Amino acid sequence: MASARAAPELLALQPRPNPHSDVDNTDIQRRHSTELGYNEFYWRYMHANWPVIITDVSNTWECRNWAHKDCDTDTANANTRNQSPINFDYLRSRIDDLAVPVADCNATYFNSHAKLELKFHDFLERWQRSMEVDNSKLQTTEPNCNVAKDNLYLKDWHLAAQLPAYEFYQVPKYFASDWLNEQLIEEKRDDYRFVYMGPKDSWTSFHSDVFGSYSWSTNIVGHKKWLILPPGEELKLADRLGNLPFSIDEPLLEQHNVRYFTINQTANEAVFVPSGWYHQVWNVTDTISVNHNWFNACNVPLVWRNLLSNLQAVHREIADCQQMDNFEAHCQTMLRASFGINYLDFIELLEFIAERRKSTTNNSQLLFHRYQMNAYHVQYDLECVRQLLEEMRQEPSVQQCPAQLHERCERLWQQLQ
(Lines give C-alpha, C1' and ligand atoms only; values in the text may rest on other atoms or scores of the structure.)
Protein backbone atom coordinates (compact mmCIF):
# COMPACT_ATOMS: atom_id res chain seq x y z
CA MET A 1 0.00 0.00 0.00
CA ALA A 2 1.25 3.48 -0.82
CA SER A 3 0.61 4.68 2.75
CA ALA A 4 3.05 2.09 4.09
CA ARG A 5 5.90 3.18 1.86
CA ALA A 6 8.83 5.27 3.04
CA ALA A 7 8.96 8.94 2.17
CA PRO A 8 10.08 9.39 -1.46
CA GLU A 9 13.72 10.10 -2.22
CA LEU A 10 14.32 13.44 -3.90
CA LEU A 11 15.91 13.50 -7.36
CA ALA A 12 17.67 16.81 -6.81
CA LEU A 13 18.74 17.74 -10.32
CA GLN A 14 20.76 20.95 -10.57
CA PRO A 15 21.79 23.03 -13.61
CA ARG A 16 24.50 21.45 -15.71
CA PRO A 17 28.01 22.12 -14.45
CA ASN A 18 30.93 23.07 -16.69
CA PRO A 19 30.49 20.77 -19.73
CA HIS A 20 34.26 20.40 -20.07
CA SER A 21 34.26 18.45 -16.80
CA ASP A 22 31.70 15.91 -17.99
CA VAL A 23 33.58 12.64 -18.39
CA ASP A 24 36.87 10.98 -19.21
CA ASN A 25 36.04 9.31 -22.53
CA THR A 26 39.09 7.07 -22.54
CA ASP A 27 37.71 4.50 -20.13
CA ILE A 28 34.54 3.06 -18.58
CA GLN A 29 34.62 3.74 -14.85
CA ARG A 30 33.40 1.72 -11.88
CA ARG A 31 31.60 3.94 -9.36
CA HIS A 32 30.27 2.88 -5.98
CA SER A 33 26.65 3.73 -5.35
CA THR A 34 27.46 5.39 -2.03
CA GLU A 35 29.69 8.01 -3.66
CA LEU A 36 27.94 8.59 -7.01
CA GLY A 37 25.10 11.08 -6.65
CA TYR A 38 22.08 11.46 -8.91
CA ASN A 39 23.09 14.86 -10.27
CA GLU A 40 26.59 13.70 -11.18
CA PHE A 41 25.27 10.59 -12.90
CA TYR A 42 22.69 12.62 -14.83
CA TRP A 43 25.20 15.02 -16.37
CA ARG A 44 28.50 13.12 -16.35
CA TYR A 45 27.18 9.86 -17.80
CA MET A 46 23.56 9.98 -18.95
CA HIS A 47 23.56 13.40 -20.60
CA ALA A 48 27.09 12.82 -21.94
CA ASN A 49 25.96 9.43 -23.33
CA TRP A 50 28.87 7.57 -21.72
CA PRO A 51 28.76 4.12 -20.03
CA VAL A 52 29.44 3.53 -16.36
CA ILE A 53 29.39 0.54 -14.02
CA ILE A 54 27.71 1.21 -10.65
CA THR A 55 28.46 -1.18 -7.82
CA ASP A 56 26.39 -2.25 -4.78
CA VAL A 57 23.03 -1.33 -6.30
CA SER A 58 20.97 -4.39 -5.33
CA ASN A 59 21.88 -5.00 -1.68
CA THR A 60 18.28 -4.85 -0.46
CA TRP A 61 16.52 -6.50 -3.39
CA GLU A 62 14.33 -9.48 -2.62
CA CYS A 63 15.59 -11.28 -5.71
CA ARG A 64 18.98 -11.70 -4.08
CA ASN A 65 17.24 -14.81 -2.68
CA TRP A 66 17.31 -16.23 -6.21
CA ALA A 67 20.97 -17.06 -5.53
CA HIS A 68 22.48 -19.10 -2.73
CA LYS A 69 23.85 -16.67 -0.18
CA ASP A 70 26.89 -18.79 0.68
CA CYS A 71 27.98 -19.28 -2.93
CA ASP A 72 30.92 -17.39 -4.41
CA THR A 73 29.12 -16.25 -7.55
CA ASP A 74 32.30 -15.12 -9.31
CA THR A 75 34.02 -18.49 -9.23
CA ALA A 76 31.46 -21.23 -8.63
CA ASN A 77 30.74 -21.83 -12.28
CA ALA A 78 34.22 -21.06 -13.55
CA ASN A 79 35.67 -24.25 -12.11
CA THR A 80 32.82 -26.73 -11.72
CA ARG A 81 29.11 -27.08 -12.38
CA ASN A 82 28.48 -29.08 -9.20
CA GLN A 83 27.65 -25.98 -7.16
CA SER A 84 25.45 -23.64 -9.14
CA PRO A 85 24.81 -20.27 -7.49
CA ILE A 86 21.17 -20.38 -8.66
CA ASN A 87 18.61 -21.20 -5.95
CA PHE A 88 16.28 -23.23 -8.14
CA ASP A 89 14.07 -24.37 -5.26
CA TYR A 90 13.43 -20.80 -4.15
CA LEU A 91 12.59 -19.71 -7.71
CA ARG A 92 10.05 -22.52 -8.04
CA SER A 93 8.47 -21.72 -4.69
CA ARG A 94 8.28 -17.96 -5.24
CA ILE A 95 7.33 -17.67 -8.94
CA ASP A 96 4.37 -19.39 -10.55
CA ASP A 97 4.76 -21.71 -13.53
CA LEU A 98 4.24 -18.89 -16.02
CA ALA A 99 4.82 -18.95 -19.77
CA VAL A 100 8.22 -17.41 -20.50
CA PRO A 101 10.04 -16.31 -23.70
CA VAL A 102 13.22 -18.27 -24.39
CA ALA A 103 15.99 -17.94 -27.00
CA ASP A 104 17.89 -21.01 -28.18
CA CYS A 105 21.53 -19.89 -28.34
CA ASN A 106 22.39 -23.05 -30.30
CA ALA A 107 20.05 -22.18 -33.18
CA THR A 108 19.67 -19.17 -35.45
CA TYR A 109 16.60 -18.06 -37.37
CA PHE A 110 16.87 -15.15 -39.83
CA ASN A 111 19.90 -13.59 -38.15
CA SER A 112 18.61 -14.00 -34.59
CA HIS A 113 18.42 -16.76 -32.05
CA ALA A 114 15.48 -19.10 -32.54
CA LYS A 115 12.62 -18.29 -30.14
CA LEU A 116 10.33 -20.59 -28.21
CA GLU A 117 7.93 -20.40 -25.29
CA LEU A 118 8.26 -22.64 -22.25
CA LYS A 119 6.70 -22.92 -18.83
CA PHE A 120 9.00 -21.35 -16.26
CA HIS A 121 9.44 -24.51 -14.19
CA ASP A 122 10.19 -26.51 -17.35
CA PHE A 123 12.86 -23.95 -18.24
CA LEU A 124 14.44 -24.35 -14.80
CA GLU A 125 14.36 -28.13 -15.17
CA ARG A 126 16.11 -27.98 -18.54
CA TRP A 127 18.66 -25.56 -17.13
CA GLN A 128 19.50 -28.00 -14.34
CA ARG A 129 19.70 -30.89 -16.82
CA SER A 130 22.21 -28.91 -18.90
CA MET A 131 24.39 -28.68 -15.80
CA GLU A 132 24.27 -32.44 -15.43
CA VAL A 133 25.44 -32.80 -19.02
CA ASP A 134 28.36 -30.49 -18.27
CA ASN A 135 29.24 -32.47 -15.17
CA SER A 136 29.16 -35.74 -17.11
CA LYS A 137 31.58 -34.27 -19.65
CA LEU A 138 33.94 -33.27 -16.85
CA GLN A 139 33.84 -36.74 -15.34
CA THR A 140 33.99 -38.90 -18.46
CA THR A 141 37.22 -40.42 -19.75
CA GLU A 142 35.82 -40.80 -23.26
CA PRO A 143 37.79 -38.66 -25.76
CA ASN A 144 34.72 -37.80 -27.86
CA CYS A 145 31.82 -37.14 -25.53
CA ASN A 146 29.17 -35.40 -27.64
CA VAL A 147 26.19 -35.40 -25.29
CA ALA A 148 23.67 -32.82 -26.50
CA LYS A 149 23.22 -29.86 -24.16
CA ASP A 150 20.57 -27.13 -24.08
CA ASN A 151 21.72 -23.54 -24.30
CA LEU A 152 18.44 -21.79 -23.55
CA TYR A 153 18.35 -18.14 -22.50
CA LEU A 154 15.20 -16.75 -20.85
CA LYS A 155 15.12 -13.17 -22.20
CA ASP A 156 12.82 -10.15 -22.23
CA TRP A 157 10.57 -11.61 -19.53
CA HIS A 158 8.01 -9.07 -18.26
CA LEU A 159 7.99 -10.57 -14.76
CA ALA A 160 7.31 -7.27 -12.97
CA ALA A 161 4.21 -6.76 -15.14
CA GLN A 162 3.06 -10.36 -14.80
CA LEU A 163 3.43 -10.39 -10.99
CA PRO A 164 2.93 -6.75 -9.94
CA ALA A 165 2.52 -7.69 -6.27
CA TYR A 166 5.96 -9.32 -6.20
CA GLU A 167 8.39 -6.46 -5.49
CA PHE A 168 11.56 -8.37 -6.23
CA TYR A 169 13.69 -5.30 -7.04
CA GLN A 170 13.72 -1.51 -6.85
CA VAL A 171 14.74 0.77 -9.69
CA PRO A 172 18.02 2.47 -8.71
CA LYS A 173 17.66 6.24 -8.37
CA TYR A 174 20.00 6.86 -11.31
CA PHE A 175 17.50 5.31 -13.73
CA ALA A 176 14.28 6.69 -12.23
CA SER A 177 13.75 9.45 -14.83
CA ASP A 178 12.18 7.03 -17.29
CA TRP A 179 9.55 8.56 -19.57
CA LEU A 180 8.96 5.36 -21.51
CA ASN A 181 8.03 3.07 -18.63
CA GLU A 182 6.37 5.89 -16.68
CA GLN A 183 3.73 6.10 -19.39
CA LEU A 184 3.44 2.38 -20.16
CA ILE A 185 3.06 1.34 -16.51
CA GLU A 186 0.51 4.04 -15.80
CA GLU A 187 -1.54 3.02 -18.85
CA LYS A 188 -1.07 -0.70 -18.14
CA ARG A 189 0.55 -1.42 -21.51
CA ASP A 190 3.52 -3.60 -22.45
CA ASP A 191 6.55 -2.13 -20.75
CA TYR A 192 10.32 -2.39 -21.12
CA ARG A 193 11.16 -3.98 -17.75
CA PHE A 194 12.76 -7.39 -18.13
CA VAL A 195 14.31 -10.34 -16.33
CA TYR A 196 17.04 -12.40 -18.00
CA MET A 197 18.10 -15.88 -16.82
CA GLY A 198 20.69 -17.97 -18.62
CA PRO A 199 23.29 -20.70 -18.18
CA LYS A 200 26.99 -20.38 -18.68
CA ASP A 201 27.79 -19.75 -22.37
CA SER A 202 24.38 -18.30 -23.26
CA TRP A 203 24.68 -14.96 -25.02
CA THR A 204 23.01 -12.00 -26.68
CA SER A 205 23.94 -11.17 -30.26
CA PHE A 206 25.45 -7.90 -31.52
CA HIS A 207 22.85 -5.12 -31.33
CA SER A 208 21.94 -1.64 -30.12
CA ASP A 209 18.91 -1.04 -27.96
CA VAL A 210 15.36 -0.45 -29.15
CA PHE A 211 14.40 3.09 -30.32
CA GLY A 212 17.94 4.31 -29.57
CA SER A 213 17.02 4.05 -25.90
CA TYR A 214 19.26 3.74 -22.89
CA SER A 215 19.41 0.45 -21.04
CA TRP A 216 20.54 -0.63 -17.62
CA SER A 217 21.34 -4.17 -16.57
CA THR A 218 21.93 -5.28 -12.98
CA ASN A 219 23.39 -8.71 -12.29
CA ILE A 220 21.63 -10.49 -9.45
CA VAL A 221 24.01 -13.40 -9.71
CA GLY A 222 26.79 -14.38 -12.08
CA HIS A 223 29.39 -12.84 -14.40
CA LYS A 224 28.79 -11.25 -17.80
CA LYS A 225 31.34 -10.19 -20.39
CA TRP A 226 30.46 -7.24 -22.61
CA LEU A 227 32.03 -5.93 -25.80
CA ILE A 228 30.65 -2.41 -26.33
CA LEU A 229 31.31 0.13 -29.10
CA PRO A 230 30.88 3.93 -29.15
CA PRO A 231 28.28 5.15 -31.68
CA GLY A 232 29.48 4.99 -35.27
CA GLU A 233 32.17 2.37 -34.69
CA GLU A 234 29.72 -0.37 -35.72
CA LEU A 235 29.76 1.02 -39.28
CA LYS A 236 33.30 -0.29 -39.72
CA LEU A 237 31.82 -3.80 -39.51
CA ALA A 238 29.07 -3.35 -42.10
CA ASP A 239 29.15 -5.36 -45.32
CA ARG A 240 28.66 -3.76 -48.75
CA LEU A 241 24.87 -3.83 -48.23
CA GLY A 242 25.14 -2.12 -44.87
CA ASN A 243 24.37 -5.26 -42.86
CA LEU A 244 26.05 -5.67 -39.48
CA PRO A 245 27.38 -9.03 -38.19
CA PHE A 246 25.25 -11.28 -36.00
CA SER A 247 28.18 -11.96 -33.68
CA ILE A 248 31.50 -10.27 -32.94
CA ASP A 249 34.72 -11.02 -31.07
CA GLU A 250 37.96 -9.20 -30.30
CA PRO A 251 39.89 -10.43 -33.37
CA LEU A 252 37.11 -9.20 -35.68
CA LEU A 253 37.04 -5.79 -33.98
CA GLU A 254 40.79 -5.40 -34.12
CA GLN A 255 40.92 -6.55 -37.74
CA HIS A 256 38.59 -3.65 -38.65
CA ASN A 257 40.31 -1.16 -36.34
CA VAL A 258 37.16 -0.73 -34.25
CA ARG A 259 37.32 1.19 -31.00
CA TYR A 260 35.71 -0.90 -28.26
CA PHE A 261 35.63 -1.52 -24.52
CA THR A 262 35.42 -4.74 -22.53
CA ILE A 263 33.27 -4.88 -19.40
CA ASN A 264 33.39 -7.74 -16.91
CA GLN A 265 30.24 -7.36 -14.84
CA THR A 266 29.72 -9.31 -11.63
CA ALA A 267 26.87 -9.68 -9.16
CA ASN A 268 25.40 -6.54 -7.57
CA GLU A 269 26.70 -4.32 -10.38
CA ALA A 270 24.64 -2.25 -12.83
CA VAL A 271 25.89 -1.41 -16.32
CA PHE A 272 24.51 1.77 -17.87
CA VAL A 273 24.39 1.41 -21.66
CA PRO A 274 23.99 4.77 -23.45
CA SER A 275 22.02 5.39 -26.64
CA GLY A 276 23.45 3.98 -29.84
CA TRP A 277 26.23 1.92 -28.23
CA TYR A 278 26.25 -1.46 -30.01
CA HIS A 279 27.18 -4.37 -27.78
CA GLN A 280 27.31 -8.13 -27.43
CA VAL A 281 27.06 -9.92 -24.08
CA TRP A 282 28.10 -13.40 -22.91
CA ASN A 283 27.17 -15.15 -19.68
CA VAL A 284 30.53 -16.37 -18.41
CA THR A 285 28.72 -18.18 -15.58
CA ASP A 286 25.10 -19.00 -14.77
CA THR A 287 23.59 -15.54 -14.61
CA ILE A 288 20.37 -13.70 -13.70
CA SER A 289 19.86 -10.00 -14.36
CA VAL A 290 17.18 -7.29 -14.24
CA ASN A 291 17.16 -4.96 -17.27
CA HIS A 292 15.25 -1.86 -18.39
CA ASN A 293 15.13 0.08 -21.64
CA TRP A 294 14.17 3.73 -21.27
CA PHE A 295 14.52 7.28 -22.47
CA ASN A 296 14.05 10.72 -20.94
CA ALA A 297 14.93 14.38 -21.48
CA CYS A 298 18.57 13.53 -22.19
CA ASN A 299 18.06 11.21 -25.15
CA VAL A 300 14.50 11.74 -26.38
CA PRO A 301 15.76 14.03 -29.20
CA LEU A 302 17.81 11.08 -30.45
CA VAL A 303 14.76 8.80 -30.27
CA TRP A 304 12.87 11.37 -32.37
CA ARG A 305 15.67 11.47 -34.97
CA ASN A 306 15.67 7.66 -35.12
CA LEU A 307 11.90 7.67 -35.58
CA LEU A 308 12.19 10.20 -38.40
CA SER A 309 15.00 8.22 -40.05
CA ASN A 310 12.97 5.01 -39.91
CA LEU A 311 9.93 6.72 -41.48
CA GLN A 312 12.18 7.89 -44.30
CA ALA A 313 13.30 4.29 -44.77
CA VAL A 314 9.65 3.19 -44.97
CA HIS A 315 8.99 5.87 -47.60
CA ARG A 316 11.89 4.59 -49.68
CA GLU A 317 10.73 0.99 -49.31
CA ILE A 318 7.27 1.65 -50.74
CA ALA A 319 8.00 4.71 -52.89
CA ASP A 320 6.24 3.11 -55.86
CA CYS A 321 2.95 3.16 -53.88
CA GLN A 322 2.82 6.90 -53.21
CA GLN A 323 -0.33 7.34 -55.28
CA MET A 324 -2.34 4.92 -53.14
CA ASP A 325 -5.09 6.21 -50.87
CA ASN A 326 -4.02 6.92 -47.28
CA PHE A 327 -0.34 6.46 -48.17
CA GLU A 328 0.91 8.31 -45.08
CA ALA A 329 -1.37 6.30 -42.79
CA HIS A 330 0.00 3.07 -44.27
CA CYS A 331 3.53 4.36 -43.70
CA GLN A 332 2.73 5.02 -40.05
CA THR A 333 1.36 1.49 -39.70
CA MET A 334 4.53 0.07 -41.20
CA LEU A 335 6.67 2.33 -39.01
CA ARG A 336 5.04 0.97 -35.86
CA ALA A 337 5.52 -2.59 -37.09
CA SER A 338 9.21 -2.13 -37.90
CA PHE A 339 10.39 0.38 -35.30
CA GLY A 340 7.99 -0.35 -32.43
CA ILE A 341 6.32 3.07 -32.25
CA ASN A 342 5.07 5.63 -34.75
CA TYR A 343 4.43 9.38 -34.75
CA LEU A 344 1.10 9.03 -32.95
CA ASP A 345 2.65 6.96 -30.16
CA PHE A 346 5.43 9.51 -29.81
CA ILE A 347 3.20 12.59 -29.53
CA GLU A 348 0.99 10.73 -27.04
CA LEU A 349 4.06 10.10 -24.89
CA LEU A 350 5.05 13.78 -25.03
CA GLU A 351 1.49 14.80 -24.11
CA PHE A 352 1.53 12.36 -21.19
CA ILE A 353 4.86 13.62 -19.82
CA ALA A 354 3.87 17.27 -20.21
CA GLU A 355 0.58 16.71 -18.41
CA ARG A 356 2.27 14.85 -15.56
CA ARG A 357 4.97 17.49 -15.14
CA LYS A 358 2.45 20.34 -15.18
CA SER A 359 0.30 18.70 -12.53
CA THR A 360 0.67 20.03 -9.00
CA THR A 361 -0.28 16.79 -7.23
CA ASN A 362 2.51 14.86 -5.55
CA ASN A 363 1.45 11.51 -6.95
CA SER A 364 1.87 12.76 -10.51
CA GLN A 365 5.56 13.40 -9.83
CA LEU A 366 6.21 10.12 -7.98
CA LEU A 367 8.42 7.80 -10.03
CA PHE A 368 8.38 4.04 -9.41
CA HIS A 369 6.63 4.73 -6.06
CA ARG A 370 9.98 5.80 -4.60
CA TYR A 371 11.36 8.99 -6.15
CA GLN A 372 10.26 12.63 -6.31
CA MET A 373 11.63 15.15 -8.82
CA ASN A 374 12.63 18.58 -7.57
CA ALA A 375 11.28 21.73 -9.22
CA TYR A 376 14.29 22.18 -11.50
CA HIS A 377 13.97 18.59 -12.75
CA VAL A 378 10.31 19.13 -13.60
CA GLN A 379 11.04 22.36 -15.46
CA TYR A 380 13.95 20.80 -17.31
CA ASP A 381 11.69 17.99 -18.56
CA LEU A 382 9.07 20.50 -19.73
CA GLU A 383 11.67 22.64 -21.51
CA CYS A 384 12.99 19.56 -23.29
CA VAL A 385 9.47 18.71 -24.51
CA ARG A 386 8.96 22.30 -25.66
CA GLN A 387 12.22 22.38 -27.62
CA LEU A 388 11.47 19.04 -29.24
CA LEU A 389 8.00 20.22 -30.28
CA GLU A 390 9.59 23.33 -31.80
CA GLU A 391 11.58 21.01 -34.06
CA MET A 392 8.72 18.62 -34.78
CA ARG A 393 6.16 21.25 -35.80
CA GLN A 394 8.47 22.39 -38.62
CA GLU A 395 9.10 18.85 -39.89
CA PRO A 396 7.28 18.21 -43.23
CA SER A 397 6.49 14.58 -42.39
CA VAL A 398 4.68 15.76 -39.24
CA GLN A 399 2.72 18.31 -41.24
CA GLN A 400 1.66 15.56 -43.69
CA CYS A 401 0.87 12.99 -41.01
CA PRO A 402 -2.75 11.89 -40.47
CA ALA A 403 -4.55 11.95 -37.09
CA GLN A 404 -4.12 15.75 -36.78
CA LEU A 405 -0.60 15.19 -35.51
CA HIS A 406 0.65 18.63 -36.53
CA GLU A 407 -2.30 20.28 -34.77
CA ARG A 408 -1.55 18.30 -31.61
CA CYS A 409 2.10 19.38 -31.74
CA GLU A 410 1.06 23.01 -32.17
CA ARG A 411 -1.45 22.82 -29.33
CA LEU A 412 0.99 21.25 -26.88
CA TRP A 413 3.76 23.65 -27.93
CA GLN A 414 1.45 26.62 -27.26
CA GLN A 415 0.58 25.25 -23.81
CA LEU A 416 4.27 25.12 -22.88
CA GLN A 417 5.08 28.70 -23.93
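The values are calculated or read from the model by the stated rules, or taken from the named source; none is laboratory data. It should be emphasised that the depicted structure is a prediction, and the values quoted were computed from it without experimental measurement. Please note: Cβ atoms are built from the backbone with ideal geometry, for glycine as well, and neighbour counts cover all protein chains shown. Calculation scope for accessible area: heavy atoms of the full protein, side chains included, ligands and nucleic acids excluded. Shrake-Rupley method; radii C 1.70, N 1.55, O 1.52, S 1.80 Å.
Sorted largest first by accessible area at a 1.4 angstrom probe radius, with every protein chain in place, the residues LYS155, LYS224, LYS200, LYS188 fall in the order LYS188, LYS200, LYS155, LYS224.
Please work out how much length the chain gains when fully extended from GLU62 to ALA329, using 0.36 nm per residue of separation minus the C-alpha to C-alpha distance, in nm with one decimal.
Numbers: separation 267, 0.36 × 267 = 96.12 nm, distance 4.59 nm.
Gain in length upon complete extension: 91.5 nm.
Under a Gaussian network description of the chain, with springs only between Cα atoms under 10 Å, the residue in TYR174, TYR109, TYR42 that fluctuates furthest is TYR109. Each residue, THR34 and ALA12, gets one label point 7 Å from its Cα in the Cβ direction; the gap between the two is 1.9 nm. The largest accessible area among TRP203, TRP50 belongs to the first residue in TRP203, TRP50, and the rest follow in falling order (1.4 Å probe, all chains).
You can think of it this way: the chain between GLU348 and ASN243 has 34.6 nm of extra reach, that is 0.36 nm per residue less the Cα-Cα gap. Pairs of Cα atoms nearer than 8 Å and 6+ residues apart set the relative contact order; for region 158-212 it is 42 percent. Counting only alpha carbon atoms, the long axis of helix 343-358 and the longest principal axis of the chain meet at about 80°. Counting only protein heavy atoms and a 1.4 Å probe, the chain has 47 square angstrom of accessible area per residue. Calculated on the Cα set of region 299-415, radius of gyration then Dmax: 16.2, 52 Å. If you sort SER177, SER247 by accessible surface, 1.4 Å probe, largest first, the order is SER247, SER177.
What is the gain in length, in nm to one decimal, between HIS256 and ARG386 on full extension, counting 0.36 nm per residue of separation less the C-alpha to C-alpha distance?
Values: separation 130, 0.36 × 130 = 46.80 nm, distance 4.15 nm.
Going from the current span to full extension adds 42.7 nm.
Pairs of Cα atoms nearer than 8 Å and 6+ residues apart set the relative contact order; for the chain it is 19 percent. Count charges around GLU62 for me, please; just the other residues with Cβ under 9 Å from its Cβ, Lys/Arg as +1, Asp/Glu as -1. Residues close to GLU62 contribute a combined charge of +1. As a calculated quantity, the FRET efficiency between ARG129 and TYR109 at R0 = 22 Å, using C-beta atoms, amounts to about 0.45. Which links in LYS115/LYS225; LYS149/LYS200; LYS69/LYS224 stretch past 21 Å when you go from one Cα to the other? Cα-Cα > 21 Å for LYS115/LYS225; rest within. Here the chain has 47 percent of its accessible surface on carbon and sulfur atoms, given a 1.4 Å probe and all protein chains in place.
Note down the net charge around ILE53, summing +1 for each Lys or Arg and -1 for each Asp or Glu among other residues with Cβ under 12 Å from its Cβ. Walk me through the numbers before you get to the answer.
Details: positive: ARG30, ARG31, LYS224; negative: ASP27, ASP56, GLU269.
Around ILE53, the charge tally is 0.
Annotation: CYS105 carries an accessible surface of approximately 10 Å², with a 1.4 Å probe and no ligand, DNA or RNA atoms counted.
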